[in-house]
Amino acid sequence: MVQSYSKNANHNMRRPVVSENIVHFMRTRQKQNEAHLAKLEAFAHQENIPIIPHETVAYFRFLMQTIQPKNILEIGTAIGFSALLMAENAPQAKITTIDRNEEMIGFAKENFEKYDTRNQIQLLEGDAVDLLGGLKETYDFVFMDSAKSKYIVFLPEILNHLTVGGVIIMDDIFQGGDVARPILEVRRGQRTIYKGLQRLFDATLTHPDLTTGLVPLGDGLLMIRKNTENIVL
Ligand code: SAH
């Protein structure tokens, strides 16, 4: 059993924000993963490691094949599942992925060694808080799938490293539906995340220089397109 994730790691994934029969439909009727991605998905489920759910996998396939990004940044590697999914569907892309958890880094390294056959993926080890400022490149697609109270903290640095026309996707932003409730109805332990997410929505959803979309897949995706060079949040 993997040590790092408690039984509650998937708490919000078990409170789907759309009806369960639709979630079931999206997970079973869309093309399943094959080969190493199927193996890694099964391993993650068995070990309760929170990788993107299948409806998001299908959406990412579509997005990657359509956008064909050239330089991708990911925050939150875990075992490398989403990075390998992006690599497979955007074969020209270079992918930089960040994680700070030693145990996950161990799994990710092993999986990239075995399955990143085009050598597309570079893993940076450490906390994104420390690493983001040191990134030298710009990216045209950023996937943020880490601690969600930090999304608003990371956003200015991410926007600095995003090309105009580039896209950011942030995962798990509905907090199992809590974001649409008044704070007093939210469990105390969830309120720091709630406040961080509300700040994120306030800063982005109606920003004049960003185009945003909320997509109810999994626990929700926030999609942001950068429309001009200098974004003041
Ligand atoms: N994107 C992966 C799942 C990521 S799970 C997939 O779908 O396959 C979230 C990961 O984010 C965990 O492995 C955790 O260690 C990492 N993480 C959370 N906060 C982080 C931070 N501040 N810096 C680096 N990694 C972080």
>> For a 30 Å ceiling on Cα separation, which of these pairs sit above it: Lys39/Lys226; Lys114/Lys136; Lys31/Lys195; Lys109/Lys136?
In response: Lys39/Lys226; Lys31/Lys195
> Most fluctuating residue of Ala83, Ala108, Ala180 in a GNM of the chain with Cα springs under 10 Å: which is it?
Replying inline: Ala180
> Thinking of segment 11-90 as a set of Cα atoms, what percent of all their pairs are more than 20 Å apart?
Replying inline: 34 percent
> What does the charge add up to near Gln120, with Lys and Arg as +1, Asp and Glu as -1, over the other residues with Cβ less than 10 Å from its Cβ?
Replying inline: 0
> How far is it, in nm, from the label point at Leu233 to the one at Glu20 when both lie 7 Å from their Cα along the line to the Cβ?
Replying inline: 3.7 nm
>> Which aspartates and glutamates, if any, have their Cα less than 12 Å from the Cα of Lys70, not counting same-chain residues under 8 positions apart?
In response: Glu137, Asp140
> Which percent, nearest 5, of DSSP beta bridges in the chain are antiparallel?
Replying inline: 35 percent
> If you count, for each residue, the other Cβ atoms within 10 Å and average over each peptide, how do 182-190, 90-98, 115-123 line up from highest to lowest?
Replying inline: 90-98, 115-123, 182-190
> Measuring with a 1.4 Å probe in the full set of protein chains, what accessible area per residue, in whole Å², belongs to the chain?
Replying inline: 49 Å²
> Where the accessible area of the chain is counted over protein heavy atoms with a 1.4 Å probe, how much of it, in %, is carbon and sulfur?
Replying inline: 51 percent
> How big is the Cα convex hull of segment 180-233 in projection, averaged over all directions, in nm²?
Replying inline: 4.4 nm²
>> Can you give me the orientation-averaged projected area of the convex hull built on the Cα atoms of the chain, in nm²?
In response: 12.3 nm²
> Rounded, prolate or oblate: which one fits segment 139-233, using the alpha carbon gyration tensor with axes a ≥ b ≥ c (rounded when a/c is under 1.5, else prolate when a/b beats b/c, else oblate)?
Replying inline: prolate
> Please state the relative contact order of the chain as a whole percent: Cα pairs under 8 Å, 6+ residues apart?
Replying inline: 19 percent
> What are the radius of gyration and Dmax of segment 51-159, computed over its Cα atoms and given in Å?
Replying inline: 13.0, 35
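The values are calculated or read from the model by the stated rules, or taken from the named source; none is laboratory data. Computed from a predicted model, the values in this text were never measured in an experiment. Using ideal geometry, Cβ is built from the backbone for each residue, glycine included, and neighbour counts are taken over all protein chains shown. The accessibility values were calculated without ligands, DNA or RNA, using every heavy atom of the protein model including side chains. Shrake-Rupley method; radii C 1.70, N 1.55, O 1.52, S 1.80 Å.
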